[in-house]
1. Just check the stretch 73-114 against the gyration tensor rule for me: Cα atoms, a ≥ b ≥ c as the square roots of the eigenvalues, rounded for a/c under 1.5, and otherwise prolate or oblate depending on whether a/b exceeds b/c.
2. Relative to 2.2 N^0.38 Å, what does the C-alpha radius of gyration of the stretch 172-226 come to as a ratio? Two decimals please.
3. May I have the extent of the alpha carbons of the stretch 250-289 along their three principal axes, as whole Å values ordered from largest to smallest?
4. Choose one answer from R377, R231, R74: the residue with the largest mean-square fluctuation in a GNM of the chain with alpha-carbon springs under 10 Å.
5. Where the accessible area of the chain is counted over protein heavy atoms with a 1.4 Å probe, how much of it, in %, is carbon and sulfur?
6. Cα-Cα over 23 Å: which of K108/K381; K108/K205; K65/K205?
7. Taking the Cβ of I210 as the centre, find all other residues whose Cβ is under 15 Å away and add up their charges (Lys, Arg: +1; Asp, Glu: -1).
8. Please report the orientation-averaged projected area of the stretch 295-403, defined via the convex hull of its C-alpha atoms, in nm².
Amino acid sequence: MPSLLIRNVRPMGASPVDVRVQDGHITEIAELGAALAAPAGATIEDGNGALLLPGLVEGHTHLDKTMWGMDWYRNEVGTNLTDKIENERVFRHSSGHDAATQSLVLAKAFLALGTTRLRTHVDVDTQAGLRHLEGTLRTREALREVQQIQIVAFPQSGLLGRPGTAELLDQSLALGADVLGGLDPCAIDGDPVKSLDVLFGIAHKHQRPIDIHLHEPGAMGAFSLDLILQRTEALGMQGKVAISHGFCLGDVSERERDALLARMARLGVVLITSAPPSRTVPPLMACRQAGVTVLGGNDGIRDTWSPYGNPDMLERAMIIGLRYNLRRDDEIEVALGTVTHSGARGCGFEAYGLVPGNRADLVLVDAQTVAQAVVSRPVRKLVVAGGRIVARNGVLQADVASL
């Protein structure tokens, strides 16, 4: 792997430095003017004082569902969650929507904009079987040198209502899915105790983490969350459980919320939010004060559920900032943290950050400060993934685009 020396960049807005990269990792960071030597044969890049960010992290998306780059999909689906689930499954089956092609298209779009690590949920159900998973596994393999992709085997149509789903989830983990997904044990499965017993049983068998979509509001969601926390503790799964959405934490009383957050923090249960404007959301600052890691994600991007979304994690950080009324510069840095350090920590991505010894995932933008980068979402001047230059000015290098 070629070596790289990037001169005159400002890590997270700090004083200018030079950064040396070898064998895919950051090997040295030195103050500008310290005469950091370039390794033999190294590529030398002049950052011209650009802001240096670590590679961006997408904590919750659905690569397999997207229609990014395809013809416009006319959305006429009903408003209920079950309407969207049924409509999507029928459309994907009847249209021949190809998860392998579409997940690769969207993953590359993420990479061009600086996302070097991401977690994607992939539908597993009794109609499609493992087809969507197998397609997304091919994308993960194609991009493995430049983008770290975690795959969540996700029962989008529910676990109990379609017999055979549990067996497919078990097979998914055996095939290489990294995480086991779940969905609304009360509202969708109708039997939360059985649903969670089955789900946690599969995860425990394979020793894999769990990431559960919890859309359920108010008391219903709090009841499900309580059951999830009980099983997390009983099975010794501390640090291995994530709650996606967790809308109920924005609905219940402050006293009940704080009690749940204290348990989540003690058990290392993380919260993943897309900060949608249409739902009550968990209070970001209260979660952080309780010690709960909060990370950000887009959710779906241009699919049958919604026409919205963009594979730009600086934009998602801005949306999180707007949703939570984060206006001070230090608060906007918290928003960025949901798609950088907190994102990596919450997903369990290792060797992350602008520190020697870590994987060289680097993003250069023209901005004076971190807050300006979030608000302005400037062009990504340079994206480095695993020590390799993969994009310039928002466009993938030819060798990466052809993967």
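1. Since a/c reaches 1.5 and a/b is larger than b/c, the shape of the stretch 73-114 is classed as prolate.
2. 1.16
3. Taking the Cα atoms of the stretch 250-289, the three principal extents are 29, 20, 13 Å.
4. Judging by the Gaussian network model, the answer is R74.
5. 50 percent
6. Too far apart for the 23 Å limit: K108/K205; K65/K205.
7. Here the charged neighbours net out to -2.
8. Over all viewing directions, the stretch 295-403 projects a mean Cα-hull area of 8.1 nm².
The values are calculated or read from the model by the stated rules, or taken from the named source; none is laboratory data. What you see is a predicted model, and the numbers here were worked out from it, not measured in a lab. Note: ideal-geometry Cβ built from the backbone for every residue, glycine included; neighbour counts use all protein chains shown. Ligands, DNA and RNA are excluded from the accessible area calculation, which covers all protein heavy atoms including side chains. Shrake-Rupley method; radii C 1.70, N 1.55, O 1.52, S 1.80 Å.
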